[in-house]
Amino acid sequence: MSHDTPQPTVPTTNDGRELPLEVSHREMSDAYDNGAATTLSDRSTDFVYYRQAWWIADLTGWLRITDHLTVARLERHARWANPNWAQ
């Protein structure tokens with residue numbers, strides 16, 4: 001089986017460093033409040049797009065999703081749930 005899924009690059013900060021693997025609930029809440037973070041859909045709020053990366057909610061904070069296939073599937077679902085979604 002062949003997949004034509006593009007492989008995303010590793011998200012980086014403005015100074016070229018790789019994004020952290022975890023951010024706090026407070027940081028994500030602030031990002032959502034100021035429009036910097038977007039949920040996957042109105043119903044699926046445990047997945048958030050923030051700082052050019054997908055994150056999943058955890059008890060201790062938000063974990064950056066690093067699996068390329070999972071990222072591609074989240075992006076596909078985001079486009080399906082919201083045709084105006086663009087990263």
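Only one entry in 45, 60 is closer than 20 Å to residue 19 by Cβ and of a type in the set (Val, Ile, Thr), namely 60.
A search for C-beta distances below 6 Å between a residue of the range 55-77 that is in contact (Cβ under 8 Å) with a residue 40 or more places away in the chain and any residue that is loosely packed, with under 15 Cβ neighbours inside 10 Å, counting only pairs 6+ apart in sequence or on different chains, returns 63/22; 63/56; 64/21; 68/7; 72/5.
Identify the residue in the range 34-66 that is outside any strand (DSSP E or B) and among the basic types (Lys, Arg) and, among all such residues, is surrounded by the most Cβ atoms within 10 Å (Cβ to Cβ).
Kept after step one, since they are outside any strand (DSSP E or B), are these residues of the range 34-66: 34-36, 40-46, 51-52, 58-61, 65-66.
This time we only want the ones that are among the basic types (Lys, Arg), so: 43, 51.
Values: 43: 7, 51: 17.
Per the criteria, the residue is 51.
Among the residues of the range 67-87, those identified as of a type in the set (Gly, Ala, Ser) and either surrounded by 17 or more Cβ atoms within 10 Å (Cβ to Cβ) or not in a loop (DSSP other than H, G, I, E, B) (or both) are 72, 78, 81.
No value in this document is a laboratory result; all are computed from the given coordinates. What you see is a predicted model; the values in this text were computed from it and never measured. Cβ coordinates were reconstructed from backbone atoms using ideal geometry, including for glycine residues, and neighbour counts include every protein chain displayed.
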